[in-house]
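First the structure, in the form of structure tokens, and then the observations on it.
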Amino acid sequence: SHLRGEALLEAVAPTALDARNGASADAAVDLAEIKGVYFVRDFTAPEDSTRKTFTTRPRTEGLWVRLQFRDSEVMEAMMPNDLAQIRREGFLVTPPDTRSNTQRIFIPLGSLETLTVLAVIGAAGRRRHVSRDAGLQVPLFEEQAG
């Protein structure tokens, strides 16, 4: 999706992002002008889902986030709870409707006004098991009386 509201048909080549505008010539698009790169199941299928938010709390493990774009559009998505997957250029999110044609969306950091974490879901929120022997640990540094 283009920040000026134009949708381009995008295809990912092994070495570069190739944005085709329906003509035979390639169109170069600056990353700063891209709102999102949509990874879809089928290029010929129409995008029927317009749902931008979750109807219930997501069950997928990760960060439930709200993205506000520079053009004021707001969308919720899931992203991995892993800082190593966030690059200087942007990050991948999973949209709310996993049954739609869109599987993932690459969001360039420059297209966002704000990113809000709504919840941490899954393993990061689980309590760690405390061993029953935790109270039997011998202190390493004791005060010496005397």
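Looking across segment 61-77, the residues that are surrounded by 14 or more Cβ atoms within 10 Å (Cβ to Cβ) and touching a residue at least 40 places away in the same chain (Cβ under 8 Å) come down to Glu61, Gly62, Leu63, Trp64, Val65, Arg66, Leu67, Gln68, Phe69, Glu76.
Picking from residues in segment 104-140 that are modelled with pLDDT of 90 or more and of a type in the set (S, T, N, Q), the one that is farthest from Arg59 (Cα to Cα) is Ser111. Take the conditions (1) open to solvent by 100 Å² or more (accessible area, probe 1.4 Å); (2) at pLDDT below 85; (3) charged (D, E, K, R); Glu47 misses just one of them, which is (1).
The values are calculated or read from the model by the stated rules, or taken from the named source; none is laboratory data. All values reported here derive from a predicted model rather than from experimental measurement. We place every Cβ from the backbone using ideal geometry, glycine too, and count neighbours over all the protein chains shown. The accessibility values were calculated without ligands, DNA or RNA, using every heavy atom of the protein model including side chains. Shrake-Rupley method; radii C 1.70, N 1.55, O 1.52, S 1.80 Å.
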